[in-house]
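The values are calculated or read from the model by the stated rules, or taken from the named source; none is laboratory data. Keep in mind the model is a prediction, meaning the values are calculated, not measured. Note that each Cβ is placed from the backbone with ideal geometry, even for glycine, and that neighbours are counted across all protein chains shown.
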Amino acid sequence: MTTGSPTPAYPTDARPRSSEPRRSRLRTFLPLGLAAWLVLEIWLLTVVAGATSGLVVLLLLVAGFVLGAVVIKRAGRRAFRNLNEALQRGAPSDRSGGNGLMMLGGLLLMIPGLASDLVGLLLLLPPVQKAVGAFGERKLREAARTPGTLGDAFQQARIHRPDGKVVPGEVIRGEVIRDEQ
C-alpha cells in the first residue's frame, strides 16, 4: 500500500556516504569550547564570590565593563585618526597600531566573566599584541596558500569570451588558466 510519502534515497540507519563533506573541526569543537568557557566563567565567579562577597564580584564585573568601553573608545579614535592621516597623505596606512587587537581586548573586558577579563587585559599588552598579530598573519598566509580554502576562493576567476560564454578558470600569479570542457 502506498502512503504517498517518498522513500529515502538510503536507509536512515546508514552512515553518511564518503562523498558527503565531513564536518569541520571548527564546527565540531567550537560549541564545546564555548560551553567549557561558559562553565569556567561561572565557576570562577562563584569561587570569587565565595571567597569574598557578591558585591566584590559585581564591582569587578562593572569595572571590567567600564574599562572595556574606555579601551574600545580609545582604540577606535586611534584607528580613525590613523585613517584620516593616511587619507590626507594619499597613501595607504602601513601601521595598524594593533587597534583591532585592542578592540578585541576591550570587548573581552566588557563580556561578563573573570577569565575573559584576564584574556582581555593580556591583549592590551604590546608584546602580546605583537605575538598574536604575527601568529594571525602567519596562519592567514598559510590558509591563503592551501588549496580548497577561503584563500583559494579569492584566486578563482571567470573568463568572459567574446561570444558571451563564461569559462570557469583560476588565476595563478597573474596568469589565467582556462578550464576547457
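Determine whether Ala49 is surrounded by 11 or more Cβ atoms within 10 Å (Cβ to Cβ), under 25 Å from Leu125 (Cα atoms) and at pLDDT 90 or above.
no
If you check Arg141 against the conditions, is it at pLDDT below 90, loosely packed, with under 12 Cβ neighbours inside 10 Å, under 16 Å from the mean Cα position of the chain (by Cα) and farther than 26 Å from Trp37 by Cβ? So Arg141 passes the test.
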